[in-house]
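To start, the structure itself, in structure tokens.
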Amino acid sequence: MIFVKDLCKTFRVARRDGGMKNTLKSFFHRTYTEIPALDHLNFSIEDGEMVGYIGPNGAGKSSTVKVLSGILVPDSGTCTIDGRIPWKERTAHVKEIGVVFGQRSQLWWDVPVIDTFLLLKDIFSIPDDVYKHNVDELTDMLDLSQLLRTPTRQLSLGQRMRCEIAASLLHDPKILFLDEPTIGLDAVSKIAVRDFIKRRNRERGTTVILTTHDMQDIEALTERILLIGHGKILKDGSLSSLKEEFVTERHMTVLSSNFKADSLSLPQGITLMEAHSDRAVFSLDTTVLSVSDAISAISSQTEIRDLSVDTPSLDTLISKLYCRYEVL
Amino acid sequence: MKTYHVSAFRMYRSFFSMHLRTAMEYKSSFLMTIFGMTLTSFASFLAIWILFDRFHTVDGYTLSEVLLCHSTIMIGFSISEILLRGFDVFSSQVQSGSFDRLLLRPRTLFLSVLVSRMEFARVGRLVQSIVILIYAVWKTNLTFTAAHTAAFVLMILGSAVFFSALMILGAGVCFFTIEGIEVMNIFTHGGKELGSYPLDIYNSRALILFFTFFVPLSCAQYYPFLYLTGRESSFFYALTPCYTIVFFLFSLIFFYFGVRHYQSTGS
């Protein structure tokens, strides 16, 4: 159980204009700007949940993860994870969490991956039998058997990420923080990583907190979304309810043999976007007109040969969310 | 519940062998660096040699006595440079964000930073200094009573503790500046050069006092050196290296104080 209340963190950043003169000036007199990274942040996450933590760059995602994992000390507010305050009981806390930074490796570059694992065994005091069991299981699930004896520098990005995830799970953490785990991965690796995370959550009940810009990650993994902007939680809800609320537009592609799309009389809520000789694309506002009404309105005037209704992508949803809350 | 615990010592040993293996991974680069480092420190040895070739004594100190000073300082410096590399290059660890990773380990921060880097390529300097020390001891005709042996051992340990403390202090400063500050190099590398000679040849009482109480270089090496060469007879002089422990603890406290100001870097 993760519980966050009124969490605040402000960074002091030295500001100066470019150029030699200003550099010299700032050497003697520096002006600081206070940047609130977290501004009275509130949320709670139950055990075994999978949460997508989204927001534009600089919204406070990383700062939140750092506070939750005990790296950063907040200025005010409370945060307890399984009854512990992360930055006060750091060593006890980090035994229970696994953290994967997509852009910051913890594998040793020049030695086989298994050597890093052995070192982690000592760092986290993992008993022999637990270690053996976990390595076997992770090797099996993430298909690592060919990789463990290879030096990290010779692995592809996707292979490395799989090893990276395994490394952060060796000590059986209850909570897994994933910071952009699929960044730069090819399609096959992305799917392998997503499937594994899902399975881990389902089989072990591991709580997963995922920060990402990849909307397919969100779609594939998380049911709940936390949207952060300007250091505050702006929206907390399930993916489907967000879709219902924000994605009211449908694209209807209609195929017909003899089309005079421009001459159709269209009811309120439906507009013509593209017209070709054999097909037309309509935009439909579902708050005004239901999909079935729209189809019957068109079919009464022309013979429909084929029809498809598409929901705009999740990226569109997210950019709408960002615009709505003016976080960009 | 699981009570299995890997001791700090065992973890240190694992890291030690890991760093050693990584260093060996690039054999030629490793050997070249050792050779290069040996060459640069050989230069400062040569400078002393040439000076004495001309003047024979400096302020009543013979070549072998000065070499005794020089080699103990160098041994202390190389030991801390090899083993405390994590603190020595701490500013880069803070800047790159790899310090974040260290905070995610269920270990004390001192241990985590300590094992994060080890620089075995500096071992050339250590070996060279040991050779010079052996030569200096042989030429100086030291009488080794139990008390003298204690002074000798304490002098080497004190030098290592002194430089280690400086590196930890420098690491602590990084929390406030993010970039390492050059002021620290005045003490580390400056201390190394300064300590290559008995401190009184500089003829400055203020200097000796400063390097006794604030930055206890003299305690580490100068005072036990006076005892060892028979210039001072009070055994108290042999015990002064113990004061470096105080300096070490102060540095450590300052480092932990700095951690509380840690801001981490972006994403």
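The values are calculated or read from the model by the stated rules, or taken from the named source; none is laboratory data. Nothing here was measured: the structure is a model prediction, and the numbers come from that model. All Cβ positions, even for glycine, are placed from backbone atoms using ideal geometry, and neighbour counts span all protein chains on display. These area figures cover heavy atoms from the full protein model, side chains too; ligands, DNA and RNA do not enter into them. Shrake-Rupley method; radii C 1.70, N 1.55, O 1.52, S 1.80 Å.
Some notes on this structure:
- For chain A, calculated [θ]222 nm from helices alone, where every DSSP H run of n ≥ 4 adds -39500 (n - 2.57): -10000 deg cm²/dmol
- The stretch B:85-175 pair-distance distribution - Cα-Cα, 10 Å bins, rounded %: 14, 35, 25, 18, 8, 1
- Each part gets one Cα centre, and for the stretch B:151-205 versus the stretch A:163-205 those centres are 46 Å apart.
- Helical runs (DSSP H, four residues minimum) scored at -39500 (n - 2.57) apiece and divided by the length of chain B put the mean residue ellipticity at 222 nm at -22500 deg cm²/dmol.
- Centre separation in Å (Cα based) which lies between the stretch A:301-326 and the stretch A:70-90: 41 Å
- Against the criterion of solvent-accessible heavy-atom surface with a 1.4 angstrom probe, A:Lys198, A:Lys190, A:Lys174, B:Lys27 sort, most first, into B:Lys27, A:Lys174, A:Lys198, A:Lys190.
- Quotient of Cα Rg and 2.2 N^0.38 Å for the stretch A:131-247, N being how many residues it contains: 1.17
- Largest to smallest principal axis extent of the C-alpha atoms in the stretch A:248-310, angstrom: 30, 20, 17
- Average accessible surface area per residue within the protein assembly as shown, 1.4 Å rolling probe, Å²: 47 Å²
- Cβ-derived FRET efficiency at R0 25 Å, A:Ser257 paired with A:Asp315, nearest 0.05: 0.15
- Cα point-scatterer Debye curve for chain B, base-10 log of I(q)/I(0) at q = 0.14 Å⁻¹: -1.02
- In terms of accessible area, using a 1.4 Å probe and ignoring ligands and nucleic acids, A:Ser105, B:Ser116, A:Ser263 rank largest first as A:Ser263, A:Ser105, B:Ser116.
- Listing of the stretch B:24-43 residues, each with accessible area lower by at least 40 Å² in the full protein assembly than in the chain alone (probe 1.4 Å): B:Glu25, B:Tyr26
- Measuring heavy-atom accessible area with a 1.4 angstrom probe and counting protein chains only, the residues of the stretch A:52-79 that give up at least 40 Å² relative to the chain alone are A:Lys66, A:Ile71.
- Measuring nothing but how far apart in sequence close Cα pairs (under 8 Å, 6+ apart) lie, relative to its length, chain B scores a relative contact order of 25 percent.
- Potential lengthening between B:Lys27 and B:Val246 on full extension [0.36 nm per residue; Cα-Cα distance subtracted]: 74.9 nm
- Nearest-10 value in Å² for the accessible area of B:Ser196, using the 1.4 Å probe: 10 Å²
- Using heavy atoms of the protein chains and a probe of 1.4 Å, the accessible area assigned to B:Asp200 is about 40 Å².
- For the stretch A:178-262, convex hull volume per residue from C-alpha positions, Å³: 189 Å³
- Take the Cα radius of gyration of the stretch B:167-267 and divide it by 2.2 N^0.38 Å, N being the number of residues; the result is 1.29.
- When the trypsin sites (Lys or Arg not before Pro) in the stretch A:26-90 are filtered for DSSP coil states and for at most 15 other beta-carbon atoms within 10 Å of their beta-carbon, the remaining sites are A:Arg30, A:Lys88.
- With contacts taken as Cα pairs under 8 Å and at least 6 residues apart, the stretch A:248-310 reaches a relative contact order of 47 percent.
- With both residues required to sit in chain A, DSSP beta bridges show an antiparallel share near 70%.
- Carbon/sulfur fraction of accessible area - the protein assembly as shown, other protein chains in place, 1.4 Å, %: 58 percent
- Extension gain for B:Glu193 to B:Thr177 (0.36 nm times residue separation, less C-alpha to C-alpha distance): 3.2 nm.
- Chains A and B together, accessible area buried on both sides, 1.4 angstrom probe, square angstrom: 3100 Å²
- Accessible area (Å², 1.4 Å probe, nearest 10) - B:Glu25: 80 Å²
- Between A:Phe11, A:Phe28, A:Phe246, the GNM of chain A built on Cα springs shorter than 10 angstrom shows A:Phe28 fluctuating the most.
- Loop-located GluC sites (Glu not before Pro) in the stretch B:163-221 (DSSP state other than H, G, I, E, B) with a sparse environment of at most 16 neighbouring Cβ atoms within 10 Å: B:Glu179, B:Glu182.
- Only alpha carbons enter this Debye calculation for the stretch A:229-284, each as an equal point scatterer, and the log10 of I(q)/I(0) it gives at q = 0.17, 0.26 Å⁻¹ is -0.65, -1.02.
- Relative contact order, percent, chain A [alpha-carbon distance under 8 Å, six or more residues apart]: 19 percent
- The alpha-carbon atoms of the protein assembly as shown define a convex hull whose volume equals 222 cubic angstrom per residue.
- Local electrostatic count at A:Asn42 - Lys and Arg +1, Asp and Glu -1, tallied over other residues with Cβ under 11 Å: -1
- Counting only the Cα atoms, the stretch B:1-150 fills a convex hull of 169 Å³ per residue.
- Scattering profile of the stretch A:85-130 at q = 0.16, 0.19, 0.21 Å⁻¹ [log10 I(q)/I(0), Debye over alpha-carbon scatterers]: -0.58, -0.78, -0.90
- Computed over the stretch A:2-243, the percent of Cα pairs more than 25 Å apart is 47.
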